[in-house]
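The values are calculated or read from the model by the stated rules, or taken from the named source; none is laboratory data. Just so we're clear, the structure is a prediction, and the values are computed from it rather than from any experiment. In this analysis, Cβ positions are derived from the backbone assuming ideal geometry, glycine residues included, and neighbour counts consider all displayed protein chains.
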Amino acid sequence: MKTDVIAQVKKTILDSIEKNIKQSNFQIKIIPEIILLTPKNKSHGDLSTNIAMQLSRELKLKPLDIAHFIVDNLNIKDSIIGEVEMVRPGFINFCLKENWLYQVIDEIREKGEDYGKVNLGKGKKIQVEFVSVNPTGPLHVGHGKCAAVGDALSNILKAAGYKVEKEYYINDQGRQIDLLGQSVQVRYNNLLGERMEFPADGYKGEYIVDIAKEVIEKFQDKYKDRDDQESREFFKEFTLKNILEGIKEDLKNFGVEFDAWFSESSLYKQNKLQEVIELLQQKGFLYKEKGALWLKTTVFGDEKDRVVIRKNSIPTYFASDIAYHQDKYQRGFEKIIDIWGADHHGYIQRMKAAVQALGYPEDSLGVLIVQFVTLIRDGKEVGMSTRGGEFITLRDLIKEVGKDVARYFFLMRSHDSHTEFDLDVAKSQSMENPVYYIQYAYARICSIIKKAEQAGVKMDKSKVIKLQLLNQEEEFELIKKLSSLKEVIKKSALTWKPHFLTTYLYDLASSFHKYYTVHRIITEDEELTRARLILIDCTRIVLFNSLKILGVSVPESM
RNA sequence: GCGCCCGUAGCUCAAUAGGAUAGAGCAACGGAUUUCUAAUCCGUAGGUUGGGGGUUCAAUUCCCUUCGGGCGCGCCA
């Protein structure tokens, strides 16, 4: 089994440095974590550490002197490590012999679809809950960004060795749902010529009328001019089901599949809410005031205490959420990630407080805030107000630009910065569009491999490949890029930022395109051709694995 | 008023868990194709990282302050 070359070299170096420091006369309490990273400037070597500078303050010595001591006593017997040098402030840089790059190729060939996986999570159970839009209307583009981020992050965490479950929480309960049912009921009656007053804060969207029309199609005037319990229940359920199906379908078309759909009303049916209130009562975090029941969230740093049961004895949304989160922990998740839109950020503190009141550590719950999306058309902002009439749903967006482009655009920037989504760029099949740029690299590789096969050069595992023939600058660059996938996955998983992977993919595609332009893959020299084919096939594998994580498809021809 | 996020090239954004000369794309200008897909590649130009302090050997990154933009501050969800 080919193992991770870089990881091995790192270990060798780290062990030696650490041993070295320990054996010295240095008076240090705790040795800081020694970090080896890849310098952006290649004249600084393949790996670099800043440990000498980190130690300099405590030791009151010049960083360069410390670096000298470390390097002089370095005992590294790894054939792959070449030169070691010290530079200005106190960096220690390691140059590796070119051999290591060929080992990367071997590793990729051997691991194939598993290349890029790391065991950071060690099987830890983690839940990612996202989208969770109230089922009172269709998904809009902002929800699409949450969906893309949540889905990609889940895939990244899986690749990083966590056991991940994706969940959607359905608020299928309470006043808003009653109101939703009523809205359709009134529209239904209106369509049938009945005069019935529309609820004051009812849902006014056109989709409500569409649902009413569907009721007519299926049930004609069966519920006409009725306002009894049965008809109300009927409209509520019909509408809920209808909208939820739409949401599920939209998400499916967007490439997002959830492992679980969790219904709020199930919490009530199973008495979970009552249980959690009693638990909090026992723990002494609840008190009565002004006829309502309050949770002492201020104990855990919230601005003010929050109501869980209203004066009218109806629980708040917050109460359901507490019960819901308790249920998550009871299902054995060690870590919970909630992904919310930016308009909910004010909710983080109270949710974290609730989790702590339940007895779980603060950082067991992580909340990821996804900033808003602005759509641009013809250089102008597209109004997103529901009333404005220009409202664009996720479904519209997918229809207009396609799933791949939509997903990529949502993932190419950091989730905590606003996304400016230019529809014209997204639709252009040109170099402006980064999605095509990356997919094109993949298609190009597939095309070359096919061509080589037709010419009789097949990638044969049994043949000995002379990887040493890969000695061009562009080839080294490309292999180095290939080697850094694992670091990228690791970083994305630790910071919960999928955009690191997106950026990486673009760079990788760029390295390949450059290589392609300068060198021919299929040459007169069969051995060279074989070596180069292996290289681009490895590139294909890495592109494939990364695009799969992002949920963007891989076309073999374009 | 209080809290959170953001401010980097003309525009949209990056910047490895504080690191070395702040990088891409678009737009502008100039080049490359008898070649495995030009949806590509190369070059030029473009910056006081909003302003001002501080911490550090080292700050776009951390702290304080100020300005500008977004969002949130219900017994709504």
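Worth pointing out:
- Index of the failed condition, residue A:352 passing every other in (1) in contact (Cβ under 8 Å) with a residue 60 or more places away in the chain; (2) surrounded by 17 or more Cβ atoms within 10 Å (Cβ to Cβ); (3) charged (D, E, K, R): (1)
- The condition of being outside any helix (DSSP H, G or I) and under 30 Å from residue A:286 (Cα atoms) holds for residue A:369.
- Residue within region A:535-553 that is assigned to a helix (DSSP H, G or I), surrounded by 21 or more Cβ atoms within 10 Å (Cβ to Cβ) and within 12 Å of RNA strand B (Cβ to nearest atom) present: yes
- In this structure, residue A:486 qualifies as in a helix (DSSP H, G or I), more than 21 Å from residue A:255 (Cβ to Cβ), within 21 Å of the chain's Cα centre (by Cα) and more than 10 Å from RNA strand B (Cβ to nearest atom).
- Of residues in region A:293-313 being modelled with pLDDT of 95 or more and among the hydrophobic types (A, V, I, L, M, F, W, C), the one farthest from RNA strand B (Cβ to nearest atom): A:295
- Residue count, region A:30-54 (criterion: near RNA strand B (Cβ under 9 Å from one of its atoms) and either on the phi < 0 side of the Ramachandran plot or in contact with a Ser or Thr (Cβ under 7 Å, 6 or more places away or on another chain) (or both)): 17
- Only strands (runs of 3 or more DSSP E) whose full extent lies in region A:24-121 are considered here, and the ones with at least 1 residues that are polar (S, T, N, Q) and under 38 Å from the mean Cα position of the chain (by Cα) are A:47-49, A:91-96.
- Across region A:418-467, the number of residues qualifying as outside any helix (DSSP H, G or I), more than 9 Å from RNA strand B (Cβ to nearest atom) and touching a Lys or Arg at 6+ places or on another chain (Cβ under 7 Å) comes to 3.
- Residue check for residue A:73: surrounded by fewer than 16 Cβ atoms within 10 Å (Cβ to Cβ), over 30 Å from residue A:542 (Cα atoms) and either small (Gly, Ala, Ser) or away from RNA strand B (no atom under 12 Å from the Cβ) (or both): yes
- Residue selection: residue A:265 satisfies the criterion of being hydroxyl-bearing (Ser, Thr, Tyr), surrounded by fewer than 18 Cβ atoms within 10 Å (Cβ to Cβ) and within 32 Å of the chain's Cα centre (by Cα).
- Selection from region A:242-265 of residues that are basic (Lys, Arg) and not in a helix (DSSP H, G or I): none
- Members of region A:2-15 found to be more than 14 Å from RNA strand B (Cβ to nearest atom) and touching a Lys or Arg at 6+ places or on another chain (Cβ under 9 Å), listed by number: A:2, A:4, A:12
- So residue A:177, is it modelled with pLDDT of 95 or more, within 16 Å of RNA strand B (Cβ to nearest atom) and under 41 Å from the mean Cα position of the chain (by Cα): no
For every residue, the table says whether it meets (1) free of Cβ contacts under 8 Å to residues at least 12 places away in the same chain; (2) polar (S, T, N, Q); (3) within 10 Å of RNA strand B (Cβ to nearest atom).
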{"residue": "A:480", "(1), (2), (3)": "no, no, no"}
{"residue": "A:503", "(1), (2), (3)": "no, yes, yes"}
{"residue": "A:512", "(1), (2), (3)": "no, no, yes"}
{"residue": "A:518", "(1), (2), (3)": "no, no, yes"}
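- Scanning region A:218-241 for residues that are assigned to a loop (DSSP other than H, G, I, E, B) and surrounded by fewer than 18 Cβ atoms within 10 Å (Cβ to Cβ) yields A:220, A:221, A:222, A:224, A:225, A:226, A:227, A:228.
- Residue A:283 at pLDDT 95 or above, within 22 Å of residue A:362 (Cβ to Cβ) and of a type in the set (D, E, K, R): yes
- In region A:57-71, the residues that are at pLDDT below 85 and touching a Lys or Arg at 6+ places or on another chain (Cβ under 9 Å): A:58
- Search result, residues across region A:314-339 that are more than 22 Å from the chain's Cα centre (by Cα), part of a loop (DSSP other than H, G, I, E, B) and more than 9 Å from RNA strand B (Cβ to nearest atom): A:331
- Of all residues in region A:36-47, those being more than 19 Å from residue A:485 (Cβ to Cβ) and surrounded by fewer than 19 Cβ atoms within 10 Å (Cβ to Cβ) number 3.
- Those residues of region A:375-403 which are modelled with pLDDT under 90 and either at positive phi or of a type in the set (D, E, K, R) (or both), in sequence order: A:377, A:378, A:379, A:380, A:381, A:387, A:389, A:390
- Region A:398-417 - residue that is surrounded by 15 or more Cβ atoms within 10 Å (Cβ to Cβ) and assigned to a loop (DSSP other than H, G, I, E, B) and, of those, farthest from RNA strand B (Cβ to nearest atom): A:402
- Scan of region A:174-209 for residues that are touching a Leu at 6+ places or on another chain (Cβ under 8 Å) and part of a loop (DSSP other than H, G, I, E, B), ordered by number: A:199, A:201, A:202, A:203
- Test result for residue A:172, at pLDDT below 95 and within 16 Å of RNA strand B (Cβ to nearest atom): yes
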